[in-house]
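The values are calculated or read from the model by the stated rules, or taken from the named source; none is laboratory data. Remember, it's a predicted structure, so these values are computed and weren't measured experimentally. Cβ sites come from the backbone with ideal geometry, for glycine too, and all protein chains shown count toward neighbours.
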Amino acid sequence: MTVYARRRAALLAQMHAQGGGVAVLATAPEVMRNADADYPYRHDSYFYYLTGFTEPDATLVLVAGATDQSILFCRGKNLEREIWDGYRFGPAAAREAFGFDAAFASEKIDLELPQLMANAPALFYALGTDASLDTRMHGWLNTVRAQVRAGINAPSVAIDVRVMLNEMRLIKDADEIAIMQRAASISSEAHARAMRTARPGLREYHLEAELLHEFRRNGSQYPAYTSIVATGANACVLHYRAGDAILRDGDLVLIDAGCELDSYASDITRTFPANGIFSGPQKTLYEIVLASQYAAIAATKAGRRFTDGHDAAVKVLAQGMLDTGLLDKNKVGTLSDVIANGDYRQFYMHRTGHWLGMDVHDVGVYRDPVSGEEEKPWRTLKAGMVLTVEPGIYVRPAEGVPDQFWNIGIRIEDDALVTEEGCEILTHQAPKTVADIEAVMRG
């Protein structure tokens, strides 16, 4: 548990730098799906980042004062409930196993927390993220304020603890990178499995089942997000979910799927022909997207701006749109005109990447958080950041668009670890070139 203790110590140091106080972070609540059935439980990422504790109904309190304290409130031991729901650590075992200074049963927080908040200079808390917790926080603060005649003061400053944690989570340590590499490898094999399985006549959900099987077979606890398996025209719907559409001979299949392993996400997209062979128009557009991804990857390294990869990809994509006639040169003008006017957005309407970590769209601001400029520049990449690189082309039928490209949707997405020299592609095992994809599907 030393990695979590180290993170708590780093956050406490930042709290001291702002005058000290008390931080309160609760995990996610359990949510009912229907009747007596729960949704699969997933803990809060911020809470887990500092604790490694996965049980629901738990709260972490950090005290940055004369003596720093790390205190857990969790469910008490209950042998009857453990018969139904499984093992609970309970406060005593949790304190020992997870390295807290103290631990209490959850029902004691109403008594203990106001005492910890008394005379604390500041409250470090994610205001407005949980209505029920906000209500309880209001009550705890009022309990402290009621003691003003006894010379006790409530915190006079509220600071969003997520701002500090976002910066911490943005730079991955060696433990996080190792987990993310393993998650990426599992997901890469799942994509290869789907390619090997695919053939005309199957349905989208058949390939989704292959993905989920491979995730779980290799120890992943969950999919990192709802898998996108889109065949034919469905691939032009960016957030399409795997349905029952039939894979047809001559259509492409776009799969955007990744597993979550030990609370860290992977995120991969591959596009391949249902019959195993790219047609001429499919191959033409695929090679443009692949070239744009290579350009974006080359622009992803420490010292470059977050948007450099996007700009590099757009330049290649826009030129490809002009070369293939997707965009009419006589109407849109030169490459510079297309980029300046945003004409490429007809076929490419999203950013080329996002942060990746404990959440698939991970935390962290995209503009420089310390720049004094009125409009802050895009963030400078640093070693240890992880982001996706995911250009695409999506061609819906439209007047003036060559019909041989209609209903072709292509996206290629990899997970990139920023290094001083460039970036390391964590998902390199997933087949990506035309030759590799066709070879895997033949196999």
Problem set entry | strands (runs of 3 or more DSSP E) within the range 188-264 that include 2 or more residues touching a Phe, Trp or Tyr at 6+ places or on another chain (Cβ under 6 Å) | 228-231, 259-261
For this session: Return a yes/no flag: does the range 412-431 have any residue that is exposed (fewer than 15 other Cβ atoms within 10 Å of the Cβ), farther than 18 Å from residue 308 by Cβ and assigned by TED's automatic domain parsing to the domain that holds residue 229.
Result: yes
For this session: Could you pull out every one of the helices (runs of 4 or more DSSP H) wholly within the range 1-92 that has 1 or more residues that are within 16 Å of residue 133 (Cβ to Cβ) and touching a residue at least 24 places away in the same chain (Cβ under 8 Å)?
Result: 45-51
Exercise. Which residue pairs have Cβ atoms under 9 Å apart, sit 6 or more places apart or on different chains, and have a first residue in the range 151-165 that is part of a helix (DSSP H, G or I) and a second that is of a type in the set (Lys, Arg) and at pLDDT 95 or above?
Worked result: 165/7
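Within the range 275-327, track down each residue that is among the aromatic types (Phe, Trp, Tyr) and either outside any helix (DSSP H, G or I) or touching a residue at least 60 places away in the same chain (Cβ under 8 Å) (or both).
If the condition is that a residue be among the aromatic types (Phe, Trp, Tyr) and either outside any helix (DSSP H, G or I) or touching a residue at least 60 places away in the same chain (Cβ under 8 Å) (or both), then 278, 286, 306 are the ones that fit.
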Problem set entry | Selected residue (criterion: nearest to residue 275 (Cα to Cα)) from residues of the range 143-192 that are crowded, with 18+ Cβ neighbours inside 10 Å and among the basic types (Lys, Arg) | 182
Exercise. If a residue has to be within 23 Å of residue 2 (Cα to Cα), among the acidic types (Asp, Glu) and part of a helix (DSSP H, G or I) to count, how many in the range 93-109 make the cut?
Worked result: 1
Seminar exercise, completed: (1) touching a residue at least 24 places away in the same chain (Cβ under 8 Å); (2) over 20 Å from residue 315 (Cα atoms); (3) not acidic (Asp, Glu) all hold for residue 393 apart from (2)
For this session: Among the residues of the range 211-257, write down those that are of a type in the set (S, T, N, Q) and in contact (Cβ under 8 Å) with a residue 60 or more places away in the chain.
Result: 234
Seminar exercise, completed: The number of residues in the range 388-426 that are in a strand (DSSP E or B) and charged (D, E, K, R) is 5
